[in-house]
Amino acid sequence: MKTPRMPRRRMAAAALLAWLGGAAGPGAQEATEYPEAVPESPAFTFLEASPARIARPSSFRDVGVALINGIDQEGRASQGFALEGTGWNLLQPDLRAYQSDWWRRTLTNVRVSVGTVKATGDSAATDLAVGLNLTLWDGGDLMADRSFTSELGRRLQGCAPDSPGAGTSEECLRAARAGLVKEKARWNATRVGLSLALGSRLVDSELSDGAFLGGRAWLVGAMGLGTWGQALAQGAYTYRPALEGATQYQSGSGGIRAIAGSAQVNGFVEILGERRWGTDDGADDTAGQWSLGVEARVAKDLWLSTGFGDRFAAHAAAPDRVIVIANVRWGVASAARMGMVR
Amino acid sequence: MSKGKARRVKLEVSPTVPLDIDIACTTVHVAAYRIWHQAKGTDQWTVIGEGNTADSATDNYATGPHPAGDKIYYWLGVSGPPGSKYEVVVTFSQGGQMVPDGAVVEKGRVSDGGAAALETEVTLR
């Protein structure tokens, strides 16, 4: 993807951005690519799609039905198909297996995404992507914490009625859980996440006639700093082969970020860099940026961010070559699972 | 939940063999429980077991033997990820063998607050 060259500039403080989901801090409005730190649905991120309707099957049978619905009567892939599933409803381990077996816990929390979009430049072709999101480690997963579940069980027992039929409102149970979650939940827990996406261009939307569209991988690690902060490191790799209407390239990006504050409001400083190579014209580009600011969560998946940053570019290519700025949002935890334990 | 809304189940049991009751949560949830017994013809309920599935204590209780007409009543309080599906299996057995239809499966979905409560009355016959 080509973007106009960004002049070196310094952004003033009080640049206020509305950030939705995975966009970046200062400078986001000028960049054209906003890769998620670890996208929850890497297939959609790879396709650069935001599906309005996503099938979310809760059983293997529903998965089959959803996949069949993604194929038209002539056996071609439907454009605009989106499916997302987690292992949570499909694998269903018991609590002891979930807590003691890393493989079962990881597979239970895996998210698979499948999507199709119309191919750029060829309305008859369909781009198909399959994505995988893995939480390799989540120190904030309360159901994996034996001390949390043990104490939860004890508090739930306190809600038992004195006699049959005396009745227990769910409010007692909810309050017991909510109170314990408030005590134990840590917004800056140690986490490691990995996302992968692979794509294929289906000629005439035929499932049997596809060309490799490339792939993408993201890896993020986060480490808590006391109760007040978090340090994160992120890396991403992209491979895009030469295809009609698309530029061939490989790119790697990385960065580090430090956050201080709380789950709702925090100050941050980050340094990001990206290098692109293997382009059709042989040009290599390196770009980087730093930014410093404050962000506040105003609603679920809606953050307001302000601050300033300085972009710098070091490239050996001619001035009219591509520069890609990696603006990354450091959302490590799965929003859905975080919502489950609140 | 009032007693009138409790699920009702009937089980065939032997009146001369003690009854074993086992509670197991087969999903990633925590279930707290309390179990009562009522002799036929009386109004009094006696607690025969209570606990939760997340501690190290066993969730198996022996009671009886009980004649036909006696009742077992249990309350379950389940908690886990908000909106998730849960399953708790209450198994009734005698002499190491499950009684006919003795696996009472309690299924549902916890609320957005991550909790669910249910009660079941089991009549022995």
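The residues of the range B:50-62 that are out of contact with any Ser or Thr (no Cβ under 8 Å at 6 or more places or on another chain), farther than 16 Å from B:Leu118 by Cβ and either at pLDDT 95 or above or hydrophobic (A, V, I, L, M, F, W, C) (or both), listed by number, are B:Gly51, B:Ala57, B:Asn60, B:Tyr61, B:Ala62. Here B:Lys71 passes the criteria (1) farther than 21 Å from A:Asp94 by Cα; (2) more than 9 Å from chain A (Cβ to nearest Cβ) except the one numbered (2).
Just so you know, in the range A:168-202 the residues that are farther than 30 Å from A:Gly261 by Cα and exposed (fewer than 15 other Cβ atoms within 10 Å of the Cβ) include one that is modelled with the highest pLDDT, and it is A:Glu171. Restricting B:Glu12, B:Glu50 to those that are facing another protein chain (nearest Cβ under 10 Å) and either out of contact with any helix residue (DSSP H, G or I) (no Cβ under 6 Å at 6 or more places or on another chain) or in contact (Cβ under 8 Å) with a residue 24 or more places away in the chain (or both) reduces the list to B:Glu50.
Checking each residue in the range B:15-33 for being touching a residue at least 60 places away in the same chain (Cβ under 8 Å) and within 14 Å of chain A (Cβ to nearest Cβ) picks out B:Asp22, B:Ile23, B:Ala24, B:Cys25, B:Thr26, B:Thr27, B:His29.
Remark: B:Pro81 matches the filter, which requires a residue to be within 12 Å of another protein chain (Cβ to nearest Cβ) and in contact (Cβ under 8 Å) with a residue 40 or more places away in the chain.
Looking at the range A:81-98, I want the residues that are facing chain B (nearest Cβ under 10 Å) and have a partner that is surrounded by fewer than 17 Cβ atoms within 10 Å (Cβ to Cβ) and assigned to a loop (DSSP other than H, G, I, E, B) with Cβ atoms under 8 Å, at least 6 apart or on another chain. Which pairs are those? Hits for this filter: A:Asn89/A:Ser58; A:Asn89/A:Ser59; A:Pro93/A:Asp101. The number of residues in the range A:252-283 being polar (S, T, N, Q) and in contact with a Phe, Trp or Tyr (Cβ under 7 Å, 6 or more places away or on another chain) comes to 2.
Out of the residues in the range B:74-95 that are farther than 18 Å from A:Pro93 by Cα and touching a strand residue (DSSP E or B) at 6+ places or on another chain (Cβ under 8 Å), state the one that is surrounded by the fewest Cβ atoms within 10 Å (Cβ to Cβ). Of everything passing the filter in the range B:74-95, B:Thr91 is surrounded by the fewest Cβ atoms within 10 Å (Cβ to Cβ). Put simply, of B:Val110, B:Val99, B:Val122 the only residue that is crowded, with 17+ Cβ neighbours inside 10 Å, among the hydrophobic types (A, V, I, L, M, F, W, C), more than 8 Å from chain A (Cβ to nearest Cβ) and more than 17 Å from the chain's Cα centre (by Cα) is B:Val110.
Hey, does the range A:170-191 have a residue that's part of a strand (DSSP E or B) and in contact (Cβ under 8 Å) with a residue 24 or more places away in the chain? Yes, the range A:170-191 contains at least one residue that is part of a strand (DSSP E or B) and in contact (Cβ under 8 Å) with a residue 24 or more places away in the chain.
Candidates B:Gln94, B:Gln38: the one that is out of contact with any Phe, Trp or Tyr (no Cβ under 6 Å at 6 or more places or on another chain) and either more than 13 Å from every other protein chain (Cβ to nearest Cβ) or polar (S, T, N, Q) (or both) is B:Gln94.
Quickly run through the range A:204-239 and pick out the residues that are touching a helix residue (DSSP H, G or I) at 6+ places or on another chain (Cβ under 6 Å) and either surrounded by 15 or more Cβ atoms within 10 Å (Cβ to Cβ) or at pLDDT 90 or above (or both). If the condition is that a residue be touching a helix residue (DSSP H, G or I) at 6+ places or on another chain (Cβ under 6 Å) and either surrounded by 15 or more Cβ atoms within 10 Å (Cβ to Cβ) or at pLDDT 90 or above (or both), then A:Arg216 is the only one that fits. You will find that of A:Trp137, A:Trp103, the residue that is away from chain B (no Cβ under 13 Å), part of a helix (DSSP H, G or I) and hydrophobic (A, V, I, L, M, F, W, C) is A:Trp103 and no other.
The values are calculated or read from the model by the stated rules, or taken from the named source; none is laboratory data. Bear in mind that the values here come from a model prediction, so they are computed numbers and not experimental data. Virtual Cβ from ideal backbone geometry, glycine too; neighbours counted across all protein chains shown.
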